[in-house]
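*Asks:* Before anything else, here's the structure in question.
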Amino acid sequence: MSKKALITGISGQDGSYLAELLLSKGYEVHGIVRRSSSVARERLEFLYPEYKDKKLFLHYGDITDGSSLARLLYSLKPDEIYNLAAQSHVKISFDVPEYTADVVGLGAIRLLESIRETGITPKFYQASSSEMFGKVLETPQTETTPFHPRSPYACAKVFAHYATVNYRESYGLFACNGILFNHESPRRGENFVTRKITRGIADILSKKTDKIYLGNIEAKRDWGYAKDYVEAMWLMLQQPEPDDYVIATGETYSVREFAEEAFKLVGLDSEKYIAIDKKYFRPAEVDMLIGDALKAKTKLGWKPQTTFTELVKIMVMADCVAAGIKL
C-alpha cells in the first residue's frame, strides 16, 4: 500500500517539486490550496496527465482555518505532512506583518494542534528558513547557531520552528525542521530577486524593457536548486528519529554576482541593464548567509547536486525559452 502525504503550499515552488518527487516514489499526494490559488496551480499542471486520476488530489483549505485543517487530517490520516504554506516574501512581510505572522507562525501551530487533537501519528516537516539567522552571530550557520531574525517573516519562522521543537518534546510527535537556505528554480515567483533577474533578461532580449530595478545587490546568499532541496525534506522524514537540519550549498554569492553570471550567459553586460531602486531595500537588511550542511550530509546522505553556475543557466534558459528566445 502506497504512503499518503499531505502538502500545504503545494502550488508553490517547493510544493510542486515535492509533489513531483513523492509521486515518482509512488506516494498518494494530497495538497491544500486556497480558493485564490488557481493561477499558481500552473506549477502543477504538468503532473495532471499522469497522476490526476489516481495519485494527486487537491483540497480547498487554508492554513489560517484550524477547524478545516483538523477535519482534513482526520479524514485523510496522512503518513507524512509537509508544511510549506507561507507568505514567503521577506520584503512584503514588512508591509503585511500581521498576515505574515498568522500564516507563517500560527499556521504551523494550527497544523501541530490538529495532529495532536485528532490523535493521528504522521511524520511532520516544518519549512524553516535561513532568514531566521538574520544578523548572523557566526559564519557559517549550523543547526546550533543562535537566531537573530531581521524581518516579520523571519520572526514568524522562528516561532514556527520552536513550536515544532516544542510539540516534538512535549507530545512525542515525529516533527522535523528543515532550515533551508535560499533555493531557486524556474518555478520561483517572479517577485523574488533571482527570478526577477532571469525573467528581466528575457524581457530585455524581447525588447519589452531596457532595465531591471533591484534593491541591495551586495547582499550575499547561499543559493541552491529547489529540486535538490525537496529531496532533503523527504529524507528527513525517512529517518528513525526526528531532528532538525540545515540544508545549504556552503557557498555564497551576491545578487550582483548572480546578475553578472546570468547576463554573461546571453552575452550582455549586466551593468548596462541593472538599476538600483531604494524602494526594494528592506528596513533591516541581512547582509550575508552561508550554511554548513555537514549534519545533513552525514545523517541523511544528502548533498546538493547543482552548482551555482548550473542553477543560473537553468533559470535563464527556462525564461528565455518561455519567451520564445533562441540562445
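*Asks:* In segment 113-228, with Lys and Arg counted as +1 and Asp and Glu as -1 at Cβ, which of these residues, Tyr213, Tyr171, Ala226, has the Cα nearest the positive end of the dipole, that is, farthest along it?
*Replies:* Projecting each Cα onto the dipole axis, the largest value belongs to Tyr213.
*Asks:* Under 11 Å from a point 7 Å along the Cα-to-Cβ line of Thr139: which residues of segment 244-264 have their amide N that close?
*Replies:* Taking a point 7 Å out along Cα→Cβ of Thr139, the residues of segment 244-264 whose backbone N falls under 11 Å are 252-253.
*Asks:* I've got another one for you. If you take the Cα Rg of the chain and divide it by 2.2 N^0.38 Å, with N the number of residues, what do you get?
*Replies:* Details: Rg = 19.4 Å, N = 327, 2.2 N^0.38 = 19.9 Å.
Here the answer is 0.98, to two decimals.
*Asks:* Just add up the charged neighbours of Ser170: K/R +1, D/E -1, any other residue whose Cβ is under 15 Å from the Cβ of Ser170.
*Replies:* Working: positive: Arg116, Arg168; negative: Glu113, Glu117, Glu169.
Net charge in that neighbourhood comes out at -1.
*Asks:* Compute the angle between helix 66-76 and the longest alpha-carbon principal axis of the chain, please, reported from 0 to 90 degrees and rounded to the nearest 10.
*Replies:* Rounded to the nearest ten degrees, it is 70.
*Asks:* State to the nearest 20 debye the size of the charge dipole of the chain about its Cα centre, where the only charges are +1 on K and R beta carbons and -1 on D and E beta carbons.
*Replies:* Numbers: 43 positive and 43 negative charges, 134 e Å.
Magnitude of the dipole: close to 640 debye.
*Asks:* At a probe size of 1.4 Å, how large is the accessible area of Lys313, to the nearest 10 Å²?
*Replies:* Accessible area of Lys313: about 110 Å².
*Asks:* What do you get for the angle between helix 193-205 and the principal long axis of the chain? Use alpha-carbon atoms, 0 to 90 degrees, nearest ten.
*Replies:* Taking Cα atoms only, the helix is inclined about 40 degrees.
*Asks:* So how much accessible area does Ile290 have, in Å² to the nearest 10, using a 1.4 Å probe?
*Replies:* 30 Å²
*Asks:* If every alpha-carbon in segment 110-161 counts as one equal scatterer, what log10 I(q)/I(0) does Debye give at q = 0.18, 0.20, 0.31 1/Å?
*Replies:* Here log10 of I(q) over I(0) equals -0.64, -0.72, -1.16.
*Asks:* Using alpha-carbon pairs under 8 Å, 6+ residues apart, how would you state the relative contact order of the chain in percent? Write down the numbers at each step before the final one.
*Replies:* On the way: 640 pairs, mean separation 56.4, N = 327.
So the answer I get is 17 percent.
*Asks:* Using alpha carbons only, how many degrees (0 to 90, rounded to 10) separate the axis of helix 255-265 from the longest principal axis of the chain?
*Replies:* Between the helix axis and the principal axis of the chain, the angle is about 70 degrees.
*Asks:* To the nearest 10 square angstrom, what accessible area does Asp65 show with a 1.4 Å probe?
*Replies:* Its accessible surface works out to 60 Å², give or take rounding.
*Asks:* Kindly work out what percent of the DSSP beta bridges joining two residues of segment 177-289 are antiparallel, to the nearest 5.
*Replies:* Percent antiparallel among DSSP bridges in segment 177-289 is about 15.
*Asks:* Kindly state, to the nearest 0.05, the FRET efficiency for Thr298 paired with His148, given R0 = 25 Å and r defined as their beta-carbon distance.
*Replies:* For R0 = 25 Å, the calculated efficiency reads 0.45.
*Asks:* Antiparallel versus total DSSP beta bridges in the chain: what percent is that, nearest 5? Walk me through the intermediate numbers first.
*Replies:* Details: 2 of 38 bridges.
Antiparallel: roughly 5 percent of the beta bridges in the chain.
The values are calculated or read from the model by the stated rules, or taken from the named source; none is laboratory data. On a predicted model such as this, the values are computed, not experimentally measured, just so you know. A quick note on method: Cβ atoms are made from the backbone with ideal geometry, for glycine too, and the neighbour counts reach across all protein chains shown. Only protein heavy atoms, including side chains, enter the accessible area calculation; ligands, DNA and RNA are left aside. Shrake-Rupley method; radii C 1.70, N 1.55, O 1.52, S 1.80 Å.
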